[in-house]
Amino acid sequence: MSRNETLFSRAQAVIPGGVNSPVRAFGSVGGFPRFIARAEGARMWDADGAAYIDYVGSWGPAIAGHAHPAIVEAVREAALKGLSFGAPTEVEVEIAEQLCAHLPSLDMVRLVSSGTEATMSAIRLARGYTGRDTIIKFEGCYHGHADCLLVKAGSGLLTFGNPSSGGVPEDFAKHTLVLDYNNPEQLEETFRAKGDSIAAVIVEPFAGNMNLIRPSDRFLHLLRQLCTAHGAVLIFDEVMTGFRVGPRGVQGVVGITPDLTTLGKVIGGGMPVGAFGGRRDIMEKIAPLGSVYQAGTLSGSPVAVAAGLASLKLIQAPGFYEGLEARTTQLVDGLQAAAKRHGITFCAQSFGGMFGVYFADALPQSFADVMASDRNRFNQFFHAMLDAGHYFAPSAFEAGFVSAAHTAADIDATLAAADRVFAGMAA
């Protein structure tokens, strides 16, 4: 057995499934996970010493590349002063000021330790602000593992959702409506029928947890209009897209200002940081100013916030996003060209430093479209690329990420490997 396999065997004896987050288990692609020993720049090395050009980037945070010297030094300096105080620090104020300065929707912001905490707290706040219970989410969008969000679509239009996880009471799920992403007609019908009872709509403005799906021109604008008309709180979940697709997130790209925004990943620079923020009148409902309670001993961890501040400084460098987008475009265009050369049904797209690959004949617009793609072909591609030293997300339902550390030569090496893999798949 390889060291990776040995570690997986040991892990399965003491950790459920051998992993601390399910997608890491390679459950949808088969085989065993690679246990990562170290990473630097665009590369990772596993427990057996094999090197990979990495297109996961810790699921998004490593936008500047792994172990960037400026981020590592910021963490070192902060750690030398103390790991945690359970009291306010100046760096908390600094990162809050940075976030409010860059994102159009933020008048005030509260720091937490994860994306799940951010979305859970934003929904509680929206309910407290509106005095309503019902929330809307969209099929295929993932917003963390809070009970009210682990809900799948109901049996028909305007029906409440059903739990998609054991341990979630039906009484929790009954307050969540699950609609189709990119379906404006269904959205209008739902608000006509239930608009006065809807506390909030939470959405990934660019979906990344059912692979990368972009909204239609009408979808997000209609969402803003309907929430405004019916007094519902519009929550953009930018845990994945915030500072990943541009310096002002999706909201800065599409010109739509949500009422609340949730953040994570990039704002932590690889450390566990999340945040939620938005309109002042809503945020002032949070304790200690208001009646909506939220707390966390390690919220605003000085070490994690130091990493986040260093990351936010790096992405403000002139030309940062132009370079990131150029490399990501090089990757997806090259993958599509290679697949076409070998007659493989395949398409890809990107935005900023995010990308999606699909073994389908058209870019998906919904969860149903993603589910219709050829997952067996994806699994073939994934394992062949992994064996060749190129680490893509181990699931057909996850977006990929390019970092500023990826060079044109890195992308060319990946495309050369992909050409060989597609040739083998066509044989």
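Contact map, segment 291-302: first residue within 14 Å of ILE123 (Cα to Cα), second residue among the hydrophobic types (A, V, I, L, M, F, W, C), Cβ cut-off under 7 Å, separation 6 or more or different chains; pairs are VAL292/LEU125; VAL292/ILE286; TYR293/ALA287; GLN294/ILE286; GLN294/ALA287.
Within the option set PHE397, PHE401, being in contact with a Gly (Cβ under 9 Å, 6 or more places away or on another chain), open to solvent by less than 10 Å² (accessible area, probe 1.4 Å) and aromatic (Phe, Trp, Tyr) holds for one residue only, PHE401.
To keep it simple, each residue is scored yes or no on (1) touching a helix residue (DSSP H, G or I) at 6+ places or on another chain (Cβ under 9 Å); (2) open to solvent by 10 Å² or more (accessible area, probe 1.4 Å).
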| residue | (1), (2) |
| --- | --- |
| GLU94 | yes, yes |
| GLU97 | no, yes |
| PRO104 | yes, yes |
| SER113 | yes, yes |
| ALA122 | no, no |
| PHE138 | yes, no |
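Taking (1) surrounded by 15 or more Cβ atoms within 10 Å (Cβ to Cβ); (2) over 26 Å from TYR142 (Cβ atoms); (3) of a type in the set (Phe, Trp, Tyr) in turn, PHE85 satisfies each apart from (1). Looking at GLN98, GLN12, just one residue is outside any loop (DSSP other than H, G, I, E, B) and free of Cβ contacts under 8 Å to residues at least 40 places away in the same chain, and that residue is GLN12. Report, by residue number, each residue of segment 37-52 that is assigned to a loop (DSSP other than H, G, I, E, B) and touching a strand residue (DSSP E or B) at 6+ places or on another chain (Cβ under 7 Å). Residues satisfying the conditions are ALA42, ALA47.
How many residues, within segment 42-57, are crowded, with 18+ Cβ neighbours inside 10 Å and either over 16 Å from ASP410 (Cβ atoms) or modelled with pLDDT under 95 (or both)? Here the count works out to 1. Once segment 229-280 is narrowed to residues that are under 16 Å from TYR321 (Cβ atoms) and polar (S, T, N, Q), the residue that is surrounded by the most Cβ atoms within 10 Å (Cβ to Cβ) is THR241.
Answer yes or no as to whether GLY60 is surrounded by 16 or more Cβ atoms within 10 Å (Cβ to Cβ) and either modelled with pLDDT of 95 or more or not small (Gly, Ala, Ser) (or both). Let's see the steps before the verdict.
On the way: surrounded by 16 or more Cβ atoms within 10 Å (Cβ to Cβ): yes; either modelled with pLDDT of 95 or more or not small (Gly, Ala, Ser) (or both): yes.
Against the criterion (surrounded by 16 or more Cβ atoms within 10 Å (Cβ to Cβ) and either modelled with pLDDT of 95 or more or not small (Gly, Ala, Ser) (or both)), GLY60 qualifies.
Just so you know, in segment 372-389 the residues that are aliphatic (A, V, I, L, M) and open to solvent by 30 Å² or more (accessible area, probe 1.4 Å) include one that is nearest to PHE26 (Cα to Cα), and it is ALA384.
State whether the residues of segment 121-135 include one that is assigned to a loop (DSSP other than H, G, I, E, B), within 27 Å of ALA74 (Cβ to Cβ) and in contact with a strand residue (DSSP E or B) (Cβ under 9 Å, 6 or more places away or on another chain).
Scanning segment 121-135, I find no residue that is assigned to a loop (DSSP other than H, G, I, E, B), within 27 Å of ALA74 (Cβ to Cβ) and in contact with a strand residue (DSSP E or B) (Cβ under 9 Å, 6 or more places away or on another chain), so the answer is no.
Within the set VAL168, VAL203, the sole residue that is touching a helix residue (DSSP H, G or I) at 6+ places or on another chain (Cβ under 7 Å) and at pLDDT below 95 turns out to be VAL168. A residue that is assigned to a strand (DSSP E or B), among the aromatic types (Phe, Trp, Tyr) and either open to solvent by 50 Å² or more (accessible area, probe 1.4 Å) or more than 17 Å from ASP387 (Cα to Cα) (or both) occurs nowhere in segment 23-36.
The values are calculated or read from the model by the stated rules, or taken from the named source; none is laboratory data. What you are looking at is a predicted structure, and each value in this text was computed from that prediction instead of being measured. When we count neighbours, we look across all protein chains shown, and the Cβ atoms used for this are built from the backbone with ideal geometry, even at glycine. Side chains included, ligands, DNA and RNA excluded: accessible areas come from the protein's heavy atoms. Shrake-Rupley method; radii C 1.70, N 1.55, O 1.52, S 1.80 Å.
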